[in-house]
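Written below as structure tokens is the structure these notes are about.
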Amino acid sequence: MRSHGTLPHTPLTIPRPGSPTHAKSLWFEDGNIVFQAGSTLYKVYRGMLCARSTVFQDMLSFPQPDHIEHYNGYPLILLYDHPKDVDAFFDALFNTTAPSTLSAFWQVKDKAHFEIVTSVLRLSNKYDVPHLRRRALQYLDDWFPKTLQEFDQYHRKTLAGQELDNFMALSAAEICNVQWILPVALYRCATFPISIIFDRTRDDDAVLVARGFQAGGFREQLLMAHDTLAEAERADIWAPIQEHCHYEDMECNASKLACLSSLLKHSQPLSLDAFDCWEFHGTMTPMKPQRICERCYLVGKEEIMRHRQELWDRIPTIFGLGQREDLDVARSNDLADDNDS
């Protein structure tokens, strides 16, 4: 699996302040090698690291030069990775057993840990640690739906700081060659307001650039997809909403008009989520006594769901990602245990 050990195309430059500090849960008193990322020092176990990472095994197997830096008598190795990534990666690698010290990576219960997972994915890919990479991908597999039905069940459970997380997903997918999460990640990013797309694809975005991601490369792709999704939404998904009631029911027509007005107020395409508006206006509540009549609701629902499925099937093509079947094969290969082959 050395193919996953390739380095990012642009090295990171992490400053080394004059007063480094010990990583609280990653400074083992009986460790025998020290790493530094930014201003943080990690004292860990060389043998365990080499046993789990072919890249570190190769790196540390060469005789060390006489002029190598030391810290309190231990070899000091500089890592040009983002310190937050190193924190998550070493934590996942070394704190794996005792419940009191079990790493956050192995206790992920919700999407609040998204950044931890993508950090571990980046460095387990770079340093070739297959079991961590596979576990990180399993988390992502849960968070990026593969079918429209899964999307409908999941899409309301959005990630904390959604616009940041999905752009971070693009970063991880680009660097680690995880193409199969791109359809949903790109779709989510393309449905943000244009102002957010521009803000999150700045070439000088400190968070993304520090992780080797040239966000500006996605800007044109996202802006074009933004327009495509908005047009598909207006032309197809909104079509039943714009039709007058078959029975000329004034209450139904008024509800449809209210539904259309709600959609027009949004500054970005809702696309697959536009059906929520139809559901809302098709239901009578004490606060909303009007509703779309039953016939219009059922006919409209069928049409909207058909167009939503067609749009879902087109998403990989909209972003130039090839066929969904090929992405499914790549996903299966990524998630397969090495022992399965």
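Every number here is computed from the coordinates shown, using simple stated rules; none is lab data. From a predicted model like this one, the values you see are computed outputs, not experimental measurements. Backbone-built Cβ (ideal geometry, glycine too); neighbour counts: all protein chains shown.
Could you list which residues have their amide H under 5 Å from that of ILE33, counting only those 5 or more apart in sequence or on another chain, with H placed in the peptide plane?
VAL44, ARG46
After finding the eigenvalues of the alpha carbon gyration tensor for region 231-316, what semi-axes result from the square roots of 5 times each, listed largest first in whole Å?
Calculated on Cα positions only, the semi-axes equal 22, 14, 11 Å.
Quick check: residue separation of ALA336 and ASP249 times 0.36 nm, minus the Cα distance between them. What number comes out in nm?
Working: separation 87, 0.36 × 87 = 31.32 nm, distance 5.56 nm.
In short, 25.8 nm is gained.
Run through region 224-267 and list the trypsin sites (Lys or Arg not before Pro) located in a DSSP loop whose Cβ has at most 13 other Cβ atoms within 10 Å. Display every interim value, and only then the final one.
On the way: sites: ARG234, LYS256, LYS265; in loops: LYS265.
Listed in order of number, the matching sites are LYS265.
List LEU186, LEU257 from most exposed to least, where exposure is judged by having the fewest other Cβ atoms within 10 Å.
The order, fewest Cβ neighbours first, is LEU257, LEU186.
Quick one: length gained pulling TYR154 to ALA239 fully straight, 0.36 nm per residue minus the C-alpha distance?
Answer, rounded to one decimal: 28.1 nm.
For a quick check: sort THR96, THR201, THR147 by the number of other beta carbons within 10 angstrom, fewest at the front.
Values: THR96 14, THR201 22, THR147 11.
In increasing order of surrounding Cβ atoms, one gets THR147, THR96, THR201.
Send over the Kirkwood Rh of region 294-341, from the inverse of the averaged 1/r over different Cα pairs, rounded to one decimal Å.
13.4 Å
Please give, to one decimal in nm, the separation of the simple spin-label points placed at THR21 and LEU257, each 7 Å out from Cα toward the Cβ.
Once both label points are built, they end up 6.2 nm from each other.
Using a 10 Å cut-off around each Cβ, can you sort LEU223, LEU26 from fewest to most neighbouring Cβ atoms?
LEU223, LEU26
If you stretched the chain out fully between HIS131 and ASP328, how much longer would it get, using 0.36 nm times the residue separation minus the C-alpha to C-alpha distance?
Stretched out fully, the HIS131 to ASP328 stretch lengthens by 68.9 nm.
Could you pull out the chymotrypsin sites (Phe, Trp or Tyr not before Pro) across region 189-283 that fall in loop regions by DSSP (anything but H, G, I, E, B) with no more than 12 other Cβ atoms inside 10 Å?
TYR247
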